[in-house]
1. Keeping all protein chains in place, calculate the accessible area per residue for segment 87-211 (probe 1.4 angstrom), answer in Å².
2. What whole-number value in Å² describes the accessible area per residue of segment 229-308 for a 1.4 Å probe?
3. Given a Förster distance of 56 Å, report the FRET efficiency between Thr604 and Leu130 from their Cβ-Cβ distance, rounded to the nearest 0.05.
4. Suppose R0 equals 25 Å. What FRET efficiency, 1/(1 + (r/R0)^6) with r the Cβ-Cβ distance, do Thr92 and Asn150 give to the nearest 0.05?
5. Using only the Cα atoms, work out Rg/Rh for segment 115-177, with Rh taken as the Kirkwood radius, to two decimals.
6. Measuring from a point 7 Å past the Cα of Glu307 along Cα-to-C-beta, which residues in segment 178-198 have an amide N at less than 14 Å?
7. For segment 112-240, which whole-number percentage of the solvent-accessible area (1.4 Å probe, protein heavy atoms only) is attributable to carbon and sulfur atoms?
8. So how far apart, in nm, are the two label points at Leu566 and Tyr386 if each is 7 Å from Cα heading toward Cβ?
Amino acid sequence: MNKNSLIGIILIVGILVGWSIWMTPSKEEVARQRHIQDSIYQAQRERFIEDSIRFVTEQQEAEKPAYQLDGSAEPTDAVMRDKYGVFTTTATGEEKVYTIENDVMTMTMTSKGAYVKTMELKDYKTWDSLPLIGFDENTTKFNMSFFASNRNINTIDLFFTPYLNNEKYEGDENIKVGDNPLTISFKAFTDNLSDELNENQYIEFVYTITKDEYMIDFDVKTVNMKDVIASNTNFVTIDWYADLLKQEKAVDRYNGSDVYYKFVSDDVESISGSRGGDKDGEKDLRSNLKWISFKQRFFSYSLIAKESFSSAVIGMKTDLRQQNPRYLKTMYASIDVPFDAFQENNTLPMQFYFGPNSLKVMDKYDIGLDKQIPLGGKLVGWINRYIVVNVFDWLGSYGWNYGIVILVLTIIIKLCLMPFAYKSYQSTAKMRVLKPEIDEINARYPDEKDNMKKQQAVMDLYKKAGASPTSGCLPMLLQLPILWAVFRFFPSSIELRQQPFLWADDLSTYDSILDLGFNIPFYGDHVSLFTLLMTVTTILYTYINNKQMAATNQQGMKGMKVMMYLMPIMFLGLFNSYSAGLSYYYMLVNIITFLQMYLFRVFTNEEKLRKKIELAKQKPVKKSRFQKRLEEMQKQQQQMQRRR
């Protein structure tokens with residue numbers, strides 16, 4: 001074994017040892033992992049207990065005889081008592097629907113089940129100018145289930161008594177929220193196995209609504225229920241089911257309907273994953289959750305724990321049997337909420353958010369609801385959140401039309417990038433000036449075996465002249481994150497929703513000027529003018545850029561040129577059903593780039609540039625250590641070739 005082999009083995013062993021030490025978790029990480037495993041085990045154990053109880057209950061229900069019916073086909077008192085126990089009296093009654101209105105929304109709430117059947121956002125309309133209703137009141141269900149006196153009780157079967165600001169309410173069914181927060185609660189009383197209600201023992205759903213807020217406080221209370229609810233209960237289950245209704249003209253592939261959720265100590269996730277968008281599926285979440293949200297493109301409906309939910313099963317599906325023409329998607333969640341059966345009274349503090357996916361609105365609650373807005377990954381999201389959004393909001397505060405806002409935003413972005421674009425143009429101009437000398441070098445080394453010498457001579461020429469063929473990459477690299485940032489920002493910006501500009505009546509969706517009446521694959525059934533103009537200007541820019549590249553004698557670019565012409569055609573199909581505001585922005589970028597190139601050409605004197613290059617050639621060129629090593633390697637390769 002020689003010295004080099006020994007050193008190699010020592011280095012490999014050292015790397016392996018160092019890697020193992022680096023990857024060994026710390027005590028805190030080990031403790032955290034153990035805590036997670038314990039939480040998972042506890043959740044699995046609780047789920048096993050719940051499933052066992054439900055299985056026994058289902059067996060008992062299956063073994064019961066059918067309802068004993070009288071002439072009216074109604075269950076007898078004995079059957080009702082057997083099914084509902086101490087809630088038998090509360091399980092019968094007349095359903096009343098209450099309309100609660102504040103400045104931003106109108107909700108309908110039912111006394112049967114004491115839940116929000118649907119809501120209307122007053123400041124918004126659907127794409128076809130109808131009231132914006134969140135979900136279908138005929139199919140939406142919200143239920144809390146628990147075991148009481150060996151019976152599975154569902155609150156959706158119970159008739160609650162309404163209270164307004166802690167006073168029993170028997171007034172008008174239309175209630176307006178004033179300057180002070182309004183508290184409306186619904187109580188389901190027990191009857192102690194008699195016909196009289198026990199008003200000291202009940203379940204209460206409490207809603208606190210503020211005048212101008214989309215957030216609603218929602219508390220579930222159990223009062224004096226220790227001897228009623230099963231003593232082994234450590235959680236109650238909330239089942240929420242909603243058929244969402246279509247609000248927009250087009251579906252955004254990156255910002256579609258989805259079920260989002262947030263763990264207490266982790267980031268926001270969704271069923272469809274990071275791309276988002278209408279992907280059916282179901283997830284079993286076995287960890288502490290902060291909130292669960294049924295999200296549409298521009299609006300979301302969220303149930304939030306002020307502390308945490310212990311676990312949940314969430315899902316999203318398309319119900320092909322749905323007859324509602326405005327039906328969009330079915331979303332559901334079965335949520336386990338921690339509960340202490342040994343306490344006489346329990347309060348389960350929660351909140352509802354029914355509102356827009358607006359960064360300004362959601363961000364103030366500081367619980368991550370704004371992470372549902374797809375602003376991009378870490379770098380792109382940072383650019384959008386802290387630069388694009390702030391500048392956009394600042395320009396929008398002047399009350400301008402949003403087409404003008406996008407124009408000014410584009411100018412600001414291009415001005416910020418102008419120094420880099422100017423440097424790139426100067427480098428391209430130097431390459432044009434040097435073209436005769438580069439042609440001379442190519443003629444001097446016609447053989448392929450002299451390619452190394454030719455490349456070295458060209459690089460020496462660039463070095464002396466102060467030119468670089470790669471300097472044009474910097475503006476492109478700086479521009480790409482911004483291009484991608486606005487690609488995610490404009491389609492998800494609710495500020496552009498239903499904002500008209502020129503022929504476009506809504507900058508958040510496509511601007512059709514012609515309905516074809518038939519579908520073209522990869523294009524669609526309409527013609528979007530902004531997308532068409534964006535494509536034309538992109539092809540013009542590509543043509544001018546290719547002419548400049550030809551002037552600088554770029555080699556091996558034929559395949560790249562073809563690809564550069566194909567890309568705008570591909571984008572024509574991609575953007576045809578996308579946000580008109582985005583196509584408008586990219587069109588403006590192309591037009592302003594043309595103007596920049598014209599100004600750069602006017603203010604660039606190639607004769608002066610040639611003299612400058614000649615002066616630069618006369619100066620001694622300092623070589624870096626890397627360049628010296630590179631030259632030595634090239635000389636060694638040339639010597640080896642000669643020997644061969």
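1. Numbers: 5500 Å² over 125 residues.
Per-residue value: 44 Å².
2. Each residue of segment 229-308 exposes 36 Å² on average to a 1.4 Å probe.
3. Numbers: r = 57 Å, r/R0 = 1.01.
For Thr604 and Leu130, the calculated efficiency is 0.50.
4. Details: r = 21 Å, r/R0 = 0.83.
The calculated FRET efficiency here is 0.75.
5. Values: Rg = 16.5 Å, Rh = 15.1 Å.
Reported Rg/Rh (Cα atoms, Kirkwood Rh): 1.09.
6. Answer for segment 178-198: none.
7. On the way: 2220 of 5700 Å².
It is 39 percent, rounded to a whole number.
8. 3.9 nm
The values are calculated or read from the model by the stated rules, or taken from the named source; none is laboratory data. In this text, all values refer to a predicted model and were calculated from it rather than measured experimentally. Quick reminder, even Gly has a Cβ in these numbers, built from the backbone with ideal geometry, and neighbours come from all protein chains shown. Quick note on the areas: whole protein, heavy atoms, side chains included, nothing else; ligands and nucleic acids left out. Shrake-Rupley method; radii C 1.70, N 1.55, O 1.52, S 1.80 Å.
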